[in-house]
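J.: Submitted below is the structure of interest, expressed as structure tokens.
Values in this text are rule-based calculations from the coordinates and carry no lab data. Keep in mind the model is a prediction, meaning the values are calculated, not measured. Here the Cβ positions follow ideal geometry from the backbone for every residue, glycine too, while neighbour counts run over all protein chains shown.
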Amino acid sequence: MARTERGFTLIEILVVITIIAGLMGLGFVMLRGASTEKDKTITKNRLLDISGALHRLKGHELLGDYPPADPGALEGLANEDIGKSIGRPNETNLGIETVYVAIFLSGHTVTLDYDEKWLGNTDGDSMSNQVTRTGSMELFELVDAWGNPYAYFSSRELKNPEGFTKYVMATGTVVEARPHVEEKTKLPLMQGKFQLFSAGIDGVFNTKDDIGNW
């Protein structure tokens, strides 16, 4: 008796396609999850390194305190008139821009190991003078793994953050950042020190995925 050759039916082909699509989708989800965890780790490590530099700046021979979010109030560092050196930046990203200037200002010994991926200029502003070791007039921000600026509030602004809450994200969207507070007492976290935090993967500050120094 002759053997009857049999091809795949339409239903069998659709089943195979469905299985392949499901495996591809699962692989994509796993890769995306791994990428997200890597970005979180990068963001946290940068935050810790920046925090370390801020602690060193607090030394009595330099600032004697953590840098304020207001660039005009940054005094006693490398004998520079910081307010005059920076000029009049726009009203966004002020806290982390001041941190950038304080850490990278020429004339003091505090250093921070970094690469160009750490620096962004989402609001596009510049300084009046070139006063930092990066050799640029741009008023950079220190950014997270998603290219968004970290938010920064010193102890001065933790209770009165007005004027320092507007941040421009990598997408160009202007968002608000406010100091994180303790849920029960409603008092700011890290009182007497500073808050430094990333908006996390959602690019929105003060949500559960924020990555902070507390």
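J.: R0 = 30 Å: FRET efficiency of A73 with T41, Cβ-based, nearest 0.05? Walk me through the intermediate numbers first.
T.: Details: r = 34 Å, r/R0 = 1.12.
Working from the Cβ atoms, E equals 0.35.
J.: Grab the other residues whose beta carbon is less than 15 angstrom from that of S128, score K and R as +1, D and E as -1, and report the net. Each step should come with its number before you reach the end.
T.: Working: positive: K84, R88; negative: E80, D81, E97, D125, E138.
Summing Lys/Arg as +1 and Asp/Glu as -1 gives -3.
J.: Let me ask something additional. With just the Cα atoms defining each centre, how far is the stretch 54-97 from the stretch 123-150? Give it in Å.
T.: Using only Cα atoms, the two centres lie 14 Å from each other.
J.: What's the FRET efficiency of N206 with S155 using the Cβ-Cβ distance as r and R₀ = 25 Å, to the nearest 0.05?
T.: On the way: r = 19 Å, r/R0 = 0.75.
It comes out at approximately 0.85.
J.: If you don't mind, there's one more thing I want to ask. Counting only other residues whose beta carbon sits under 13 Å from that of V110, what net charge do I get with K and R as +1, D and E as -1?
T.: On the way: positive: R56, K58, R133; negative: D49, E61, D113.
That works out to 0.
J.: Same structure again: About its Cα centre, what dipole magnitude does the chain give when the only charges are +1 on Lys and Arg Cβ and -1 on Asp and Glu Cβ, stated in debye to the nearest 20? Walk me through the numbers before you get to the answer.
T.: Working: 21 positive and 29 negative charges, 131 e Å.
With only Lys, Arg, Asp and Glu charged at Cβ, the dipole is about 620 debye.
J.: Using only DSSP helix segments of four residues or longer, with each worth -39500 (n - 2.57), what per-residue ellipticity at 222 nm results for the chain after dividing by its residue count and rounding to 500? The partial results should precede the final answer.
T.: Working: 4 runs with 68 residues, N = 214.
Helix contribution divided over all residues of the chain: -10500 deg cm²/dmol.
J.: Right, next: Does anyone have the angle between helix 10-57 and the longest principal axis of the chain? Alpha-carbon axes, 0 to 90°, nearest 10?
T.: Helix 10-57 and the main axis of the chain meet at about 10 degrees.
J.: Taking the chain as the reference, fit the longest principal axis to its C-alpha atoms, fit the long axis of helix 94-104 to the helix C-alpha atoms, and give the angle between the two in degrees, 0 to 90, nearest 10.
T.: 80
J.: Read phi for every residue in the stretch 137-150 and hand back ³J(HN,Hα) as whole Hz from Karplus 6.51 cos²θ - 1.76 cosθ + 1.60, θ = phi - 60°, with x for Gly and Pro.
T.: Karplus values, whole Hz, x for Gly and Pro: 7, 5, 8, 6, 10, 7, 10, 8, 5, 9, x, 9, x, 5.
J.: Grab the Cα-Cα distance for I19 and K84, subtract it from 0.36 nm times how many residues apart they are, and report the gain in nm with one decimal. Intermediate results must be reported in sequence, preceding the final value.
T.: Working: separation 65, 0.36 × 65 = 23.40 nm, distance 6.45 nm.
Full extension of this stretch gives 17.0 nm more.
J.: Quick one: Kirkwood hydrodynamic radius for the chain, alpha-carbon pairs, angstrom, one decimal? Walk me through the intermediate numbers first.
T.: Numbers: mean 1/r = 0.0520 Å⁻¹.
Result for the chain stands at 19.2 Å.
J.: Which one, S106, G83, T165, projects farthest toward the positive side of the charge dipole computed for the stretch 44-212 from Cβ point charges (K/R +1, D/E -1)?
T.: Going by the Cα projections, it comes out as T165.
J.: Right, next: Among the aspartates and glutamates, select those whose C-alpha is under 13 Å from the C-alpha of K193, and discard any that sit fewer than 8 residues away in the same chain.
T.: D65, E157
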